[in-house]
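Here is the structure we will look at, set down as C-alpha cells.
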Amino acid sequence: MTTKTFKVLSALLSYPEEALQKAAPDLRSVLDDEKLLPSESRAAVDALIEDLEQADVYDLQERYVELFDRTRSLSLHLFEHVYGESRDRGQAMIDLKNLYGENGLSLSTSELPDYLPAFLEFLSMRPLDEARQLLGQPAHILAAVAERLEKRNARYAAVFRALETLAAPALDSEQLDVVPEDPAADPNDFAALDAEWEEEAVTFGPSAAPGCKDRLVAQIRAGRRPAAAVSMKGEAP
C-alpha cells in the first residue's frame, strides 16, 4: 500500500504559491483519510496548513526563503548535511536519481534528487513499510532540523516532527544527541557555520549502512518543486 501522506508533507515543504494555498482542503482530506499521523503531530501540521492557506503569499515566500535558502543549517537538501562539498555527494546524487528513475519518478532538469520534497514524493510512490524504512535513514537529520526550526518558532517544524513519527525504526537517544546550534550564529556567516557543523562524513542513501551519524554541514541552496504538483485529485491510491 502506498500513501499520499508523504506527498502532503512534500507539498508543505515546497516553495509556497497560490496553488498550494488552494490545495489546502485536499491536503487535509488526505490526512483525514489515511490517519497516519498521531493526534498531536496532526494538530501541528493542521496549524501549518491553516497558516499557509490564510497568510499573504508574498509573506509566506519571504519567510520560506529566510528559513530554507538563507539559513544553512536548515537546508532542505539532505546530502548537504551528509557530504557538504565532498565529491562523494555527486555519486550519491547519481545513485539516488537512478533509484527514482527505476521506480517511476522523473525530476525536472533543475531539481536535485536530495531535495527533501522530491524524496518525500518518491516515498509516496513506495509501499508504506519500505517508505518508512527509507525515511529512517535521514531521520537524525530531520530531527536536528526540527529542533532548529522550533528554536525559531517556525511552524514548519511540524512537518519534520511528523516525519519522525513515520520513520522506522524510531530514533534512539544517541542519534538524537545532535550538536546544538549556536543561538548567536549569523545565518549569513557561511564560513563560520561551515566550521561549526563540520564533522566526519557519513553514508546516506539507497546503500546506506544502519546507524549513520549526521554530519550537519549545510550550504545555502533550496530547490523548487512546483506547488501545482500538490493536487491530490484523480490519482491512483
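Things worth noting here:
- Note on the range 1-104: the alpha carbon radius of gyration divided by the globular reference 2.2 N^0.38 Å gives 1.26.
- Divide the volume of the convex hull around the Cα atoms of the range 53-167 by the residue count and you get 124 Å³ per residue.
- Ratio of Rg to Rh for the range 96-154: 1.04 [Cα atoms; Kirkwood radius as inverse mean 1/r over pairs].
- Along the axis of the charge dipole computed for the range 20-138 (Cβ charges of +1 for Lys and Arg, -1 for Asp and Glu, origin at the Cα centre), the listed residues L123, Y100, A47 are led at the positive end by Y100.
- Here the gap between T165 and E102, fully extended at 0.36 nm per residue and compared with their Cα-Cα distance, gives a gain of 19.9 nm.
- Size descriptor, Kirkwood hydrodynamic radius, that averages inverse alpha-carbon separations across the range 46-97, Å: 13.1 Å
Taken together, the values in this text are just the output of simple stated rules run on the coordinates, not laboratory data. None of these values were measured; they are calculated from a predicted model. Reconstructed Cβ throughout: ideal geometry from the backbone, glycine too, with neighbour counts over all protein chains shown.
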